[in-house]
Amino acid sequence: MTQTAHGVEFTRQPSENPKSAEERAAILANPGFGNYFTDHTAIVDYSVDADGNGGWHDARIEPYGPIVLDPSAAVFHYGQEIFEGLKAYRHADGSVWTFRPEANAARLNKSARRLALPELPAEYFLSAIRELVAADKEWVPSGDGEALYLRPFMIATEAFLGVRAAREVSFRVIASPAGNYFGGELKPVSIWISRQYARAGRGGTGDAKCGGNYAASLIAQQEAEANGCKQVLFLDQANDNAVEELGGMNVFFVLKDGSLATPALTGTILEGVTRMSVIQVAKDMGRKVAERKITLDEWRDGVASGEITEVFACGTAAVITPIGVLKDATEFIGSEDAKAGEVTMAIRERLLGIQTGAEPDTHGWLTRLA
């Protein structure tokens, strides 16, 4: 592949049947989350030659559509799959920017190492999202809290049934216009405590962003929804019921002295890009942040005593969402009538402000895409 001043050169095959301006406008009027997809996809393939040398090749933009795979493709049988999530925001001047893509590229490669997939050079990652957004920039919404959600992913495509790392792999990026992840007005959400299921185990893939982790969480998520909750909380039951994370978000606590605490990364918790950004933004605002063990008992006792004044979750899709109540069949922590906390909303406003260009980007987190 050809390297250019802006990354890797992609060939382009425009869609012959793109959505019309009217169809696109109707979708953007109420995009929801993950319901609609843009007209194109970015692709880079990987293969190993006869001498055992692997390399990335055939970088291209193609029309969005089904992926043709052999039934024996390794992704179906051994779960060699990883993904990322980031957003493209339209700024007031019409330009399109994304937030900390280098961190997503680095995390993709961390996940790749754990799943025995080939690492993707960061310039390929950045070029893929830049080329896709350039092709589909009209899909980037401009409403309050809206963005174009980008989903880079890597799958093992080699056709074989031997238990080994695949020698043929495809990296792809798709895009979906997105509104508020939880829909409607931002209100504190209810969280269900998972007592029976674990998201990940020590030495496993908990700190990799792979589909298997999310598949393992879905039965607990169903239990949460059946009990009127938006998300599920996973605990480390072998470690004093230490708080780990939600099904797809990290957790933060605001203490009465104004400081923040969040579970330390132990190998079973995903290192969220939003998580690391919240830590920095809170410090920029003069708040101390502790990354440490936090147990369910501390959560319960802290809310009861007033030591914990606010709790919120964070992730790329929802950015920051206040948590009102934590519950299971036997206990109820917090209040369903809770209001979004002042500290939570101040951090959310600052972070969203940086992402959308309303606040100064003092850390160089933004990358222009179009």
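The condition of being of a type in the set (Lys, Arg), open to solvent by 20 Å² or more (accessible area, probe 1.4 Å) and in contact with a helix residue (DSSP H, G or I) (Cβ under 6 Å, 6 or more places away or on another chain) holds for only one of Arg114, Arg24, Arg60, Arg100, that being Arg100.
The residues of the stretch 147-194 that are farther than 23 Å from Gly85 by Cα, among the basic types (Lys, Arg) and in contact with a strand residue (DSSP E or B) (Cβ under 6 Å, 6 or more places away or on another chain) amount to a single one, Arg167. Selection of the stretch 352-365 for residues being open to solvent by less than 30 Å² (accessible area, probe 1.4 Å) and under 12 Å from Trp97 (Cβ atoms) yields Ile354, Gln355, Trp365.
Of the strands (runs of 3 or more DSSP E) lying entirely inside the stretch 161-251, the ones with 3 or more residues being within 30 Å of Asp49 (Cβ to Cβ) are found at 168-178. I'm checking my understanding of the structure. Among residues of the stretch 120-136 that are farther than 22 Å from Pro14 by Cβ and crowded, with 18+ Cβ neighbours inside 10 Å, which one is nearest to the chain's Cα centre (by Cα)? Of everything passing the filter in the stretch 120-136, Phe125 is nearest to the chain's Cα centre (by Cα). Among residues of the stretch 151-165 that are under 17 Å from Leu115 (Cβ atoms), those with a Cβ under 9 angstrom from a residue that is outside any strand (DSSP E or B) and hydroxyl-bearing (Ser, Thr, Tyr), sequence gap 6+ or separate chain, pair up as Met154/Ser111; Ala156/Tyr78; Glu158/Ser72; Phe160/Ser72; Val163/Tyr78; Arg164/Tyr78; Ala165/Tyr78. Closer than 15 Å to Ala147 by Cβ and either part of a loop (DSSP other than H, G, I, E, B) or among the hydroxyl-bearing types (Ser, Thr, Tyr) (or both) - does that describe any residue in the stretch 22-31? Scanning the stretch 22-31 turns up at least one residue that is closer than 15 Å to Ala147 by Cβ and either part of a loop (DSSP other than H, G, I, E, B) or among the hydroxyl-bearing types (Ser, Thr, Tyr) (or both). Cys314 satisfies every condition listed in (1) over 16 Å from Arg100 (Cα atoms); (2) in a strand (DSSP E or B) except (1). Among the helices (runs of 4 or more DSSP H) confined to the stretch 33-137, the ones with at least 2 residues that are within 25 Å of Tyr181 (Cα to Cα) are located at 101-114, 122-135. If you check Arg275, Arg287 for being among the charged types (D, E, K, R) and under 22 Å from the mean Cα position of the chain (by Cα), only one passes: Arg275.
Scanning the stretch 285-330 for residues that are among the polar types (S, T, N, Q) and open to solvent by 10 Å² or more (accessible area, probe 1.4 Å) returns Thr295, Ser305, Thr309, Thr316, Thr330.
Step by step: first the residues of the stretch 331-344, then only those that are open to solvent by 100 Å² or more (accessible area, probe 1.4 Å) and not acidic (Asp, Glu), then the one that is nearest to Ile191 (Cα to Cα). Which residue is that? Among them, the one singled out is Phe332.
Checked against (1) farther than 30 Å from Glu138 by Cα; (2) open to solvent by less than 30 Å² (accessible area, probe 1.4 Å); (3) of a type outside the set (Phe, Trp, Tyr), Leu369 passes all but condition (1).
Going residue by residue through the stretch 185-193, is there one that turns out to be under 15 Å from Tyr78 (Cα atoms), modelled with pLDDT of 95 or more and either in contact with a Lys or Arg (Cβ under 8 Å, 6 or more places away or on another chain) or of a type in the set (A, V, I, L, M) (or both)? No, the stretch 185-193 contains no residue that is under 15 Å from Tyr78 (Cα atoms), modelled with pLDDT of 95 or more and either in contact with a Lys or Arg (Cβ under 8 Å, 6 or more places away or on another chain) or of a type in the set (A, V, I, L, M) (or both). The residues in the stretch 137-182 that are surrounded by fewer than 21 Cβ atoms within 10 Å (Cβ to Cβ), aliphatic (A, V, I, L, M) and touching a Ser or Thr at 6+ places or on another chain (Cβ under 7 Å) can be counted, and the count is 3. For the stretch 224-268, the tally of residues that are among the hydrophobic types (A, V, I, L, M, F, W, C), under 18 Å from Trp192 (Cα atoms) and touching a strand residue (DSSP E or B) at 6+ places or on another chain (Cβ under 7 Å) stands at 13. Restricting attention to the stretch 137-182, the residues being acidic (Asp, Glu) and touching an Asp or Glu at 6+ places or on another chain (Cβ under 6 Å) number 2.
Filter the stretch 269-291 down to the residues that are part of a loop (DSSP other than H, G, I, E, B) and over 13 Å from Ala198 (Cβ atoms) and list them by number. Residues satisfying the conditions are Leu270, Glu271, Gly272, Met285, Gly286, Arg287, Lys288.
Screening Ala282 with (1) open to solvent by less than 10 Å² (accessible area, probe 1.4 Å); (2) farther than 28 Å from Leu108 by Cβ gives one miss only, at (2). When Ile347 is tested against the conditions (1) in a helix (DSSP H, G or I); (2) farther than 22 Å from Gly143 by Cα; (3) open to solvent by less than 10 Å² (accessible area, probe 1.4 Å), the lone failure is (2).
The values are calculated or read from the model by the stated rules, or taken from the named source; none is laboratory data. Here the structure is a predicted model, which means the values were calculated and not measured. Please note: Cβ atoms are built from the backbone with ideal geometry, for glycine as well, and neighbour counts cover all protein chains shown. Side chains are part of the model used for accessible areas, which takes the heavy atoms of the whole protein and leaves out ligands, DNA and RNA. Shrake-Rupley method; radii C 1.70, N 1.55, O 1.52, S 1.80 Å.
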